[in-house]
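Peer 1: Structure below; questions to follow.
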């Protein structure tokens with residue numbers, strides 16, 4: 001009888017481990033981290049190694065899950081200090097750029113949060129905003145705004161700050177804007193929640209970001225007309241803190257853009 005019980009226990013443990021590995025590869029890293037109570041950097045590593053069939057990844061996942069059962073509410077490991085960089089965060093309106101950028105800057109030493117939209121707001125008279133069919137002047141002012149954003153970010157970077165810069169930079173404008181930065185490394189992070197999640201967030205905001213441009217219209221520009229640069233994150237089911245964790249865990253290796261020429 002004892003032998004049968006031990007065999008059943010072994011089979012149960014084996015099945016539980018298999019289910020855990022399937023969970024590791026089938027969930028977003030942030031959701032997996034929250035489910036198991038582990039740091040998102042550990043979750044990312046486990047997913048990558050488990051998907052590749054690495055025994056180390058499987059062992060790490062198992063040990064992380066065991067450790068999480070004994071961890072307190074402050075059990076997630078702290079992130080090591082990151083290399084000074086410029087982190088460009090973009091996405092459509094109401095995708096969480098401002099909130100995530102501010103929270104990320106607060107997690108980094110000697111940091112600055114540059115809000116690209118502030119350059120648009122500085123224009124007192126003669127401002128031309130982007131619409132579904134923008135005028136030549138609106139496009140010119142948009143490019144000027146991106147140019148000023150890049151220059152300001154570079155100035156802060158040369159002064160020794162890590163710069164978190166955010167704005168709506170979509171379509172052809174993303175590659176054009178990226179080319180204007182001189183500080184390196186430049187990390188590009190694209191927040192890409194599903195339109196339904198954006199609409200839900202927009203409903204809870206005090207300001208309306210969508211006067212003439214629809215969520216679905218901009219989402220189409222993002223997914224079909226924007227260069228696949230840097231790290232794209234589906235933040236549909238993430239809290240801002242989880243998105244920041246994922247950026248810290250992945251951006252310095254996965255979001256880097258080629259070094260600019262002098």
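The values are calculated or read from the model by the stated rules, or taken from the named source; none is laboratory data. As the structure is a computational prediction, the values presented were derived from the model and not from experiment. In this analysis, Cβ positions are derived from the backbone assuming ideal geometry, glycine residues included, and neighbour counts consider all displayed protein chains.
Peer 1: Could you tell me how many of the residues in the range 219-262 are in a strand (DSSP E or B) and modelled with pLDDT under 95?
Peer 2: Of the residues in the range 219-262, 1 are in a strand (DSSP E or B) and modelled with pLDDT under 95.
Peer 1: On to the next question. Do the conditions hold for residue 138, that is, is it within 13 Å of residue 88 (Cβ to Cβ) and surrounded by fewer than 20 Cβ atoms within 10 Å (Cβ to Cβ)?
Peer 2: Values: within 13 Å of residue 88 (Cβ to Cβ): no; surrounded by fewer than 20 Cβ atoms within 10 Å (Cβ to Cβ): yes.
Taking the combined requirement at face value, the residue does not satisfy it.
Peer 1: Follow-up. Could you please let me know if residue 173 is in contact with a helix residue (DSSP H, G or I) (Cβ under 9 Å, 6 or more places away or on another chain), surrounded by 14 or more Cβ atoms within 10 Å (Cβ to Cβ), touching a residue at least 24 places away in the same chain (Cβ under 8 Å) and in a helix (DSSP H, G or I)?
Peer 2: On the way: in contact with a helix residue (DSSP H, G or I) (Cβ under 9 Å, 6 or more places away or on another chain): yes; surrounded by 14 or more Cβ atoms within 10 Å (Cβ to Cβ): yes; touching a residue at least 24 places away in the same chain (Cβ under 8 Å): yes; in a helix (DSSP H, G or I): yes.
Criteria met by residue 173.
Peer 1: Tell me whether the range 123-135 contains one or more residues that are modelled with pLDDT of 95 or more and either within 17 Å of residue 89 (Cα to Cα) or surrounded by 13 or more Cβ atoms within 10 Å (Cβ to Cβ) (or both).
Peer 2: no
Peer 1: Report yes if some residue within the range 143-155 is loosely packed, with under 14 Cβ neighbours inside 10 Å, at pLDDT 95 or above, more than 24 Å from the chain's Cα centre (by Cα) and part of a helix (DSSP H, G or I); otherwise report no.
Peer 2: Yes, the range 143-155 contains a residue that is loosely packed, with under 14 Cβ neighbours inside 10 Å, at pLDDT 95 or above, more than 24 Å from the chain's Cα centre (by Cα) and part of a helix (DSSP H, G or I).
Peer 1: Among the residues of the range 110-134, how many are under 22 Å from the mean Cα position of the chain (by Cα), at negative phi and assigned to a loop (DSSP other than H, G, I, E, B)? Lay out the reasoning, then the answer.
Peer 2: Taking the range 110-134 first, the residues under 22 Å from the mean Cα position of the chain (by Cα) are 110-118.
Next cut, at negative phi only: 111-118.
Filter once more, so that each one left must be assigned to a loop (DSSP other than H, G, I, E, B): 116.
Within the range 110-134, residues that are under 22 Å from the mean Cα position of the chain (by Cα), at negative phi and assigned to a loop (DSSP other than H, G, I, E, B) number 1.
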